[in-house]
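The values are calculated or read from the model by the stated rules, or taken from the named source; none is laboratory data. Every value quoted in this text rests on a predicted model; they were computed, and no experiment measured them. Cβ coordinates were reconstructed from backbone atoms using ideal geometry, including for glycine residues, and neighbour counts include every protein chain displayed.
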């Protein structure tokens, strides 16, 4: 009986492109893009609005309409004595007392990383008028 073997195997993706093999003979897998986080922009700190939550693109917050972010970083200043609530819409981001809050609560010095592309999708409200916030985004 003759030896049966495979002399050549070709792996292709859904588009019909040939898969690439790296120098060690293993299938090359791309784990991150070459341009991942090519741009990082941060903003001067600002005080979170009180009374009614406002989006990050609001004039009193970052005042910029970002729609192409890969991640948005929100950090409350470590000197804050209150908290900042972070939510997805004006009516659903509330900074009331326990039982009447809505969103994610950030105490002084805490950070939240959001995999969102738009500042218009992130709303903030402070528990008091002197709750400072730092914001940065990557794209």
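Can you tell me how many residues in segment 57-79 are under 18 Å from residue 127 (Cβ atoms) and out of contact with any strand residue (DSSP E or B) (no Cβ under 6 Å at 6 or more places or on another chain)?
Count: 4.
Among residues belonging to segment 103-137 that are closer than 16 Å to residue 44 by Cα and part of a loop (DSSP other than H, G, I, E, B), point out the one that is modelled with the lowest pLDDT.
By that ranking, first place goes to 130.
Residue-by-condition table, conditions (1) under 18 Å from residue 104 (Cβ atoms); (2) modelled with pLDDT under 95:
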residue: 47; (1), (2): no, no
residue: 53; (1), (2): yes, yes
residue: 65; (1), (2): no, yes
residue: 68; (1), (2): no, yes
residue: 73; (1), (2): yes, no
residue: 80; (1), (2): yes, no
